[in-house]
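Okay, structure first, notes after.
The values are calculated or read from the model by the stated rules, or taken from the named source; none is laboratory data. As the structure is a computational prediction, the values presented were derived from the model and not from experiment. Cβ placement follows ideal geometry from the backbone for every residue including glycine, while neighbour counts extend to all protein chains displayed.
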Amino acid sequence: MRKDVLITLLLLVVIVAGLSFWAYSVQQQNRPAPAPSSAESALRTATTSGTFTNLDGEVTGLDAYTGSIIVAHAWASWVPSSPDALRELAALQREYPTESVVVLAINRSEPPATAKLFLEQIEQPDLTYIIDQTDHFFQTVGGRTMPETVLYDRNGDVAAHLKGPLSIAELRREIETIQGVGE
């Protein structure tokens, strides 16, 4: 008799688990589409905040580059992949005229002196550097990992949001896709 009770209980557990999974699946399918990512408004929001400076301490904004495809890459000296990523991004920038594509290396929350020292140690690749001491950009785009790269089309709208280490081949494909859409 114990064996029958055990089999019955096991069968009930399987049925309840199956029904629970089915109910959860139906609930997820009927969920409204998520609101657009905060990254979609990051270009305009971040540029009006006055939180960005260049390496010389001059206030700057991402909107200065509207009209070009923008590759905005969040980096920091404490991220192990930053030196290689910055070198790769500099090589990518050399492939495109800056009127067409501009690569912005946005430092996260570090004092300008820290960023400058780090860049000197890695032989500062030729890029446009932006210092974001308040971490406004990363927070605005909903950053979760490091590094993160956001690509904007010529109108300043988010075209791609890439999380994690860079794939230059993937960035090229994204740029080509954006170029194809606008032409």
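Descriptive notes on the structure:
- Among residues of region 137-163 being modelled with pLDDT of 90 or more and among the small types (Gly, Ala, Ser), the one that is nearest to Ser77 (Cα to Cα) is Ala160.
- Restricting region 135-183 to residues that are assigned to a loop (DSSP other than H, G, I, E, B) and of a type in the set (S, T, N, Q), the residue that is nearest to Glu58 (Cα to Cα): Asn155
- For Ala91, the conditions (1) without any contact (Cβ under 8 Å) to a residue 12 or more places away in the chain; (2) assigned to a helix (DSSP H, G or I) all hold with the exception of (1).
- Residue within region 121-134 that is assigned to a helix (DSSP H, G or I) and either exposed (fewer than 15 other Cβ atoms within 10 Å of the Cβ) or among the aliphatic types (A, V, I, L, M) (or both) present: yes
- In region 164-177, the residue that is nearest to Trp78 (Cα to Cα) out of those that are at pLDDT 90 or above and buried (at least 17 other Cβ atoms within 10 Å of the Cβ) is Leu171.
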